[in-house]
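Notes follow the structure.
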Amino acid sequence: MARKTVSFNQHGINKLPDNKPVVYRIVTESGKNNYTGVAQRGRVQDRVTEHLGSGKDPVPGAKVVIEQHSSIDEARAQEQRIIARSQPKYNEQGK
């Protein structure tokens with residue numbers, strides 16, 4: 001499982017790999033998890049861009065951390081474990 005951290009801006013997002021499903025976390029400068037999501041192969045950059053300040057679902061943050069997975073089901077299971085453990089502020093609770 002590959003992991004990558006980039007700045008939470010368009011330039012950083014453009015560096016994200018798009019070839020596998022990912023779990024992404026939008027974190028603050030101090031490393032606190034503000035949001036955890038999942039993106040399908042081919043939609044990673046588009047999905048994370050939706051959370052920029054000008055996007056349709058803005059979330060504040062300084063960095064994006066992604067973890068690549070071999071399947072979307074594996075990524076979704078990991079997403080749920082992270083949300084249950086860290087309860088990010090911008091994830092809908094009880095979803």
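Data overview
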read-out	value
Qualifying positions in the range 25-54 - hydroxyl-bearing (Ser, Thr, Tyr) and touching a His at 6+ places or on another chain (Cβ under 9 Å)	Tyr35
From Arg85, Arg76, residue being in a helix (DSSP H, G or I), in contact (Cβ under 8 Å) with a residue 24 or more places away in the chain and among the basic types (Lys, Arg)	Arg76
Unique residue being surrounded by 14 or more Cβ atoms within 10 Å (Cβ to Cβ) and more than 13 Å from the chain's Cα centre (by Cα) when the list is Ser54, Ser86	Ser86
Selection within the range 48-69 - modelled with pLDDT of 95 or more and either among the basic types (Lys, Arg) or within 18 Å of Met1 (Cα to Cα) (or both)	Lys63, Val64, Val65, Ile66, Glu67, Gln68, His69
Test set (1) touching a Phe, Trp or Tyr at 6+ places or on another chain (Cβ under 7 Å); (2) in a loop (DSSP other than H, G, I, E, B); (3) within 19 Å of Asp18 (Cβ to Cβ) - Gly55 fails condition number	(1)
Identity of the residue in the range 36-47, in contact with a strand residue (DSSP E or B) (Cβ under 9 Å, 6 or more places away or on another chain) and more than 16 Å from Met1 (Cβ to Cβ), that ends up surrounded by the most Cβ atoms within 10 Å (Cβ to Cβ)	Gly37
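For (1) under 18 Å from Glu92 (Cβ atoms); (2) polar (S, T, N, Q); (3) crowded, with 20+ Cβ neighbours inside 10 Å, each residue gets a yes or a no:
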| site | (1), (2), (3) |
| --- | --- |
| Lys20 | no, no, yes |
| Arg25 | yes, no, yes |
| Ser30 | no, yes, no |
| Thr49 | no, yes, no |
| Pro60 | yes, no, no |
| Ser70 | no, yes, no |
| Arg76 | yes, no, no |
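The values are calculated or read from the model by the stated rules, or taken from the named source; none is laboratory data. Model, not experiment: these values are computed from the prediction. Don't worry about glycine lacking a Cβ; one is built from the backbone with ideal geometry, like all the others, and counts go over all protein chains shown.
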